[in-house]
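Written below as structure tokens is the structure these notes are about.
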Amino acid sequence: MTSTVQKTSTVEQGSRKASRVGRPHAVWALPAVLFFTFFAVVPMGLALYLSFTSWDGLGDPRPVGLDNWKKLLDDPRLTQSLTLTVVLTVASWAFQTVVALLLGVWAAGRQRNRAVLSAIFFVPFLLSSTAIAILFYALLDPNFGIIQADTLGSQSGAFLAIVFVGGWQFMPFHTLIYQGGARQIPEVLYQAAAIDGAGRYRQFFSITLPQLRHTITTSTVLIVVGSLTYFETVLILTKGGPGTDTAILPYLMYEAGFKQYDFGYASAIATSLVIAATGLSLVLVRLSGFGSMRSTREGM
Amino acid sequence: MESNRGRTFSRRWFLGAGTASLATAGLGAGLTGCGSGGSGAGDGKTVTAFVYGDDAVKVQQAAVDRYNKSAAAKKAGGTIRLQKVPGSDYSPKLRTAMGSPSAPDVFFNWGGGSIRTYEEAGKLVDLTDIIADDPVLKSGFLPSVLSAGDLKGRHYGIPMRGMQPVILFYNKSVFAEHKLQPPTTWDQLLDINAKLKKAKITPFALGGSDLWPNLMWLEYLVDRLGGPEVFKRIQDGDSEGWGDPAVLRAAELVKQLVDDGAFGSKFTSVSYVNGGAPAVFAKGKAAMHLMGSWEYSTQLGKFPDFAKSNLGWAAFPTVEGGTGDVRNVVGNPTNYWSINARTKNKDLAVGFLKECASEAYAKDLVANGDVPTTSNAKKLLASAPNPEYATFQYDLVEKAPAFTLSWDQALGDALGTKMHTEIGKLFAGKSSPSEFVTACKGLK
């Protein structure tokens, strides 16, 4: 609060000084904007364009109007794929949020060995997701793996494996977010609660969780969007199988694009994923009140 | 407050759009990132050749090294650079490269349906006249194999690897231990299955997660039940051909095998490409393996002792009540080199293709356990690492009244992929034989 007051008074002192010490100049955003334009906006625009064409990767795309979109709605595999994608997203969210939140809060403390263990926990996130998927594929091999059960041979097994491997990989990242969030919670709140006689669990549910509300939103948006675009693990672990039991939307997109060479149809799936992810992010942000940027520390 | 709301909206919008755009990044990168890798059809001094990068690639590498030092290459003024593309990524990598400025000049393919879209896009050199005018190419290959990869009666490829019929491999020591003989009829096969299961041995290894190994079963069963005409009709574009009783009966036999545990209970998560199925077979956990003839060189590379002493082979059995000839073969007649129409140095590329008709090349193939499709092949087979196996293969193909090209290769990528999906569902028990037939009829 105090810093805002100071800034307001600087602005009042004169516009020249304000431009020097106030908000950063727009040019500073240029590298990020350029990067975002070339690697996100332009490909997105291209995908949208391609979704109205028929293109096999050779020659020029041929406009076909809404054909790909009609085909998408008529595709018998769409319902299954959509359901799988939603279930995967929810399962990944539940798994990663619960574990990452607990780990993050723990890692924010001052226990012995905390720094060392936190560093070790972070390692999976540094590995390439392809390498992780290949590693788990070998571990889960039905004949020569460590378990030797047919984990990937049933729908539930294959699905759980995908959720677990994804969680194992991305949990460290969300742990880090929660660790940062938990560190921000003022110590005085806990001290006051302790004086009032609140125990460990009461403190967690009445102070830590509410204070982490915005952190949870951030982490949730990242998990949801990440799950919607989750792909390489599925490709390597199950190839969408057994049968089509784990063929989530991004995998369907890959199959249409890089196996059937129907880039128009693949782009229609890609575009619908963009729309879904954007919509979901907006809804999440609105529901959580994150957008209004209300402070969790009002009145302190 | 009002302006503050506006600003947060746009910030929110950016957050949403920014994270969401990651969704397209995958596909977008694939489409826009074609420009990387390979000098391709650039200056004509270096001609790039894409090859399927498996254990057999050393034969092509030796040919490139030999050709680059030859007088023919010097005359054409350049060298060939071989780019080994990992097997499972070969087709998509080739497709993206062919649509980009850095396309290969020469590339490995399966002929037929696998190159149809390239031909339609005007990307292939028509080799028909070049072959007719060149004595080396004209008389260099078995005519049936040369034309097996044709499109509309024109040649677009030169045979460059061994013949690859699908063969019923068996583990000799397991068969000897349980006093079994390779089956010549379907009833015998079922009988063997029962005996093996009693001994707690999986009858057949199957890399079911790759899907194409499953396809081999249907290809042979449909051929044995209804002859090569059944698939010929489908290949020619009549999707009602899937309604032939032979297809339904074949699917029913497959279901019976699956339900019976003939492939074990874990086959849907076993892969051939990553070495799972060959290992199951070589280690005696499974007694038989229906696979392309490359199984021999795969085993030679991974389990040399097994390949040399315990690997047995037989033709696919006849099926009672079927009308197909038991001598018929399915598989890939061979692989081909095709030339990109945009190459800057066609002479160099054609010269390299001639190298594949040379005796040195055929000898390398033979040494690798392959049976070349060159006309000089037969006399070389005596020097094969396993002359018995080489001769078996050569005779199998030579005597076959019909050699049906693998269905996925014959149908091309778009249909082939969808057919794989349906076959995967059939084998995984997710669809019944009649549902399989209905689904295949609807493929387009």
For chain B, modelled as a GNM with alpha-carbon contacts under 10 angstrom, which of B:GLY321, B:GLY241, B:GLY157 fluctuates the most?
B:GLY321
Quick check on the exposure proxy: order B:ASP244, A:ASP67 from fewest to most C-beta atoms within 10 angstrom.
A:ASP67, B:ASP244
Under a crude label model (7 Å from the Cα following the beta-carbon direction), how far is B:LYS302 from B:GLU435 in nanometres?
3.1 nm
Go through the stretch A:143-157 residue by residue and turn each phi into a ³J(HN,Hα) via Karplus (6.51, -1.76, 1.60, θ = phi - 60°); whole Hz please, and just put x for glycine and proline.
9, 10, x, 7, 8, 6, 9, 8, 4, 7, x, 10, 4, 5, x
For the stretch A:72-85, just list the computed ³J(HN,Hα) in residue order, Karplus coefficients 6.51, -1.76 and 1.60, θ = phi - 60°, integers in Hz, with x standing in for Gly and Pro.
4, 5, 8, 5, x, 7, 4, 4, 4, 5, 5, 4, 4, 4
Would you work out if the protein assembly as shown is rounded, prolate or oblate? Take a ≥ b ≥ c from the square roots of the eigenvalues of the alpha-carbon gyration tensor; rounded if a/c is under 1.5, else prolate when a/b is larger than b/c, oblate otherwise.
prolate
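Starting from the Cα gyration tensor of chain A, take the square roots of the eigenvalues, sort them a ≥ b ≥ c, and report rounded, prolate or oblate (rounded when a/c is under 1.5, otherwise prolate if a/b is larger than b/c, else oblate).
Working: a/c = 2.38, a/b = 1.32, b/c = 1.79.
Oblate is the answer for chain A, as a/c is 1.5 or above yet b/c matches or exceeds a/b.
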Within a Cβ distance under 9 Å of B:PRO433, other residues only, what is the Lys/Arg minus Asp/Glu net charge?
0
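Quick one: B:THR318, A:THR233, fewest Cβ neighbours within 10 Å first, how do they rank? Could you put the intermediate results ahead of the total?
Details: B:THR318 18, A:THR233 23.
Ordered from fewest to most neighbouring Cβ atoms within 10 Å, B:THR318, A:THR233 come out as B:THR318, A:THR233.
Work out, step by step, the length gained on full extension between A:ILE146 and A:ILE120: first 0.36 nm times the residue separation, then minus their alpha carbon distance; give nm to one decimal.
Going from the current span to full extension adds 7.1 nm.
Assuming a ≥ b ≥ c are the square roots of the Cα gyration tensor eigenvalues, decide whether chain B counts as rounded (a/c under 1.5), prolate (otherwise, with a/b larger than b/c) or oblate. Each step should come with its number before you reach the end.
Working: a/c = 1.73, a/b = 1.11, b/c = 1.55.
Oblate is the answer for chain B, as a/c is 1.5 or above yet b/c matches or exceeds a/b.
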Using the count of nearby Cβ atoms within 10 Å as a rough guide to exposure, how do B:LEU426, B:LEU137 rank from fewest to most?
B:LEU137, B:LEU426
Which aspartates and glutamates, on any chain, are close to B:LYS441 with Cα under 16 Å apart, when same-chain ones fewer than 8 places away are left out?
A:ASP75, B:ASP236, B:ASP238, B:GLU240, B:ASP244, B:ASP408, B:GLU422
Multiply the residue separation of A:THR130 and A:THR83 by 0.36 nm, subtract the distance between their alpha-carbon atoms, and state the gained length in nm to one decimal.
14.5 nm
Where the centroid of each part is defined by its Cα atoms, how far is the stretch B:210-262 from the stretch A:57-114 in Å?
36 Å
Search the structure for amide H atoms under 5 Å from the amide H of B:THR185, placed 1.01 Å from N in the peptide plane, and list their residues when 5 or more places away or on another chain.
B:THR318
Could I have the simple spin-label model distance between B:ASP55 and A:ALA32, label points 7 Å from Cα toward Cβ, reported in nm to one decimal?
5.3 nm
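Once you've got the Cα coordinates, tell me which of B:LYS232/B:LYS308; B:LYS69/B:LYS344; B:LYS197/B:LYS363; A:LYS239/B:LYS255 are over 31 Å apart. Walk me through the numbers on the way to the answer.
Working: B:LYS232/B:LYS308 37 Å; B:LYS69/B:LYS344 20 Å; B:LYS197/B:LYS363 42 Å; A:LYS239/B:LYS255 22 Å.
From B:LYS232/B:LYS308; B:LYS69/B:LYS344; B:LYS197/B:LYS363; A:LYS239/B:LYS255, over 31 Å: B:LYS232/B:LYS308; B:LYS197/B:LYS363.
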Looking at chain B, send over the antiparallel percent of its DSSP beta bridges, to the nearest 5.
55 percent
Any idea which of A:LEU78, A:SER128, A:ILE216 is furthest toward the positive side of the dipole for the stretch A:68-288, if Lys and Arg beta-carbons carry +1 and Asp and Glu beta-carbons -1?
A:ILE216
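Summing Lys, Arg as +1 and Asp, Glu as -1, what charge do residues with Cβ under 13 Å from the Cβ of B:GLU320 carry, B:GLU320 excluded? Spell out each step's value before the answer.
Numbers: positive: B:ARG224, B:ARG249; negative: B:ASP187, B:ASP191.
Net charge around B:GLU320: 0.
Calculate how many DSSP beta bridges within the protein assembly as shown are antiparallel, expressed in % of all such bridges and rounded to the nearest 5. Don't jump to the answer; show the numbers that get you there.
Working: 22 of 39 bridges.
In the protein assembly as shown, DSSP labels about 55 percent of beta bridges as antiparallel.
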Residues whose placed amide H lies under 5 Å from that of B:GLN164, excluding near-sequence neighbours
B:ASN332, B:THR334
Karplus 3J(HN,Hα) series, Hz, for the stretch B:292-298 with 6.51 cos²θ - 1.76 cosθ + 1.60 (x for Gly, Pro):
x, 4, 5, 3, 4, 6, 4
For the pair B:ALA72 and A:ALA94, the simple spin-label estimate (label points 7 Å beyond Cα toward Cβ) gives in nm 6.5 nm
With +1 assigned to the C-beta of every Lys and Arg and -1 to the C-beta of every Asp and Glu, and no other charges, what is the dipole magnitude of the protein assembly as shown about the Cα centre in debye, to the nearest 20?
3060 debye
Counting only residues 5 or more apart in sequence or on a different chain, those whose built amide H sits under 5 Å from that of B:THR46 are B:THR79
Return the single residue from B:GLU355, B:GLU219, B:GLU398 with maximal mean-square fluctuation; model: Gaussian network over chain B, springs between Cα atoms under 10 Å.
B:GLU398
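Here, each number is a calculation from the coordinates, and none is a lab measurement. Not measured: the values here are computed from a predicted model. Note that each Cβ is placed from the backbone with ideal geometry, even for glycine, and that neighbours are counted across all protein chains shown.
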